[in-house]
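**Student:** Sending over a structure as structure tokens; questions will come in a sec.
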Amino acid sequence: MDKAWATRSGLGWLGKNTNVLRKGMGSWFFIGEMIVDATFNYDGPAADHCGSCTRCIDACPTDALYEPYKLDAAKCISYLTIELRDAIPVQFRENMDSWMFGCDICQDVCPWNRRAPDTHIDRLKPTGELTGRTYDFWEELNLDLYRELFRRSAVKRTKFEGLKRNISFLKPKTPDL
């Protein structure tokens with residue numbers, strides 16, 4: 001219900017990618033809730049500013065975004081790599097590309113996100129421990145290193161076995177010749 005309350009309160013509008021979008025921030029922000037006994041002056045719902053753009057729908061590799069404002073979560077790479085506890089269905093494995101935890105393609109192609117500022121919060125920035133790692137590094141990842149790298153990370157949601165499953169579908173990059 002976070003997205004429904006966020007759009008009703010005027011925090012942003014529901015984009016065609018089913019994420020809440022806000023001018024100046026795109027979808028790169030966290031939604032939180034406060035349950036308090038207080039009176040606030042509320043904004044009304046924000047206008048939809050997606051217009052005729054369909055970049056998110058066109059870019060979705062598994063057709064999880066199958067029409068504006070409609071998402072088949074069971075096809076979404078984020079669901080497949082984070083929440084799904086079973087084997088990833090065969091029909092989606094070809095589309096996994098290099099996604100081993102989540103997918104942000106619909107957000108990456110959104111014009112509103114190109115205008116969003118980078119975070120100023122150090123904890124949300126990528127660390128050298130994770131960036132620039134090779135396919136071999138991830139393939140050889142063991143439980144102890146997993147625990148060390150992801151001890152304070154949402155990656156733990158997929159568990160070690162799930163991450164190793166996802167890594168098995170990575171396509172090693174070959175150098176262009």
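**Student:** Compare Lys125, Lys75, Lys16 in a GNM of the chain, Cα atoms joined below 10 Å, and give the one with the largest fluctuation.
**Tutor:** Greatest mean-square fluctuation among the candidates belongs to Lys125.
**Student:** Of Ala46, Tyr79, Ile35, which is farthest on the positive side of the dipole of segment 25-150, counting Cα position, with +1 on Lys and Arg Cβ, -1 on Asp and Glu Cβ, and the Cα centre as origin?
**Tutor:** Checking the options against the dipole of segment 25-150, the answer is Ala46.
**Student:** Then there's this: With +1 assigned to the C-beta of every Lys and Arg and -1 to the C-beta of every Asp and Glu, and no other charges, what is the dipole magnitude of the chain about the Cα centre in debye, to the nearest 20?
**Tutor:** 180
**Student:** Which loop-located chymotrypsin sites (Phe, Trp or Tyr not before Pro) does segment 1-88 contain, where loop means any DSSP state but H, G, I, E or B and the Cβ has at most 12 other Cβ atoms within 10 Å?
**Tutor:** Phe30, Phe40, Tyr42
**Student:** Please identify, among Asp104, Asp86, Asp48, the residue showing maximal mean-square fluctuation in a Gaussian network model of the chain using a 10 angstrom Cα cutoff.
**Tutor:** Among Asp104, Asp86, Asp48, the largest mean-square fluctuation in the Gaussian network model of the chain belongs to Asp86.
**Student:** Sticking with this structure for a sec: Tell me the relative contact order for segment 1-123 as a rounded percent, counting alpha carbon contacts under 8 Å between residues six or more apart. Can you show the working numbers first?
**Tutor:** Working: 162 pairs, mean separation 36.4, N = 123.
Once divided by the residue count of segment 1-123, the mean separation gives 30 percent.
**Student:** How long are the semi-axes of the equivalent ellipsoid of segment 87-177, defined as square roots of 5 times the Cα gyration tensor eigenvalues? Whole Å, largest first.
**Tutor:** 23, 20, 15
**Student:** Springs between alpha-carbon atoms under 10 Å, Gaussian network over the chain: tell me which of Arg55, Arg114, Arg133 tops the mean-square fluctuations.
**Tutor:** Arg133
**Student:** OK, next. Quick one: dipole size for segment 103-177, taken about the Cα centre, charges +1 on Lys/Arg Cβ and -1 on Asp/Glu Cβ, in debye to the nearest 20.
**Tutor:** Numbers: 15 positive and 12 negative charges, 77 e Å.
Here the size comes out at about 360 debye.
**Student:** Could you give log10 I(q)/I(0) at q = 0.18 Å⁻¹ for the chain, computed by the Debye formula over C-alpha point scatterers of equal weight, without solvent?
**Tutor:** -1.32
**Student:** Mind giving me the nanometre distance, one decimal, between the label points for Ser52 and Asp97, set 7 Å out from Cα along Cα→Cβ?
**Tutor:** Calculated label separation equals 2.6 nm.
**Student:** When the label point is put 7 Å from the Cα of Ala59 along its Cα-to-beta-carbon vector, which residues of segment 106-121 have a backbone N closer than 14 Å?
**Tutor:** Within reach of a label on Ala59, which here means backbone N under 14 Å from a point 7 Å along Cα→Cβ, segment 106-121 contributes 106-116.
Every number in this text was worked out from the coordinates using simple rules, so none of it is lab data. If you're wondering where the values come from, they're calculated on a predicted model, not measured in any experiment. Cβ atoms come from the backbone with ideal geometry, glycine included; neighbour counts cover every protein chain shown.
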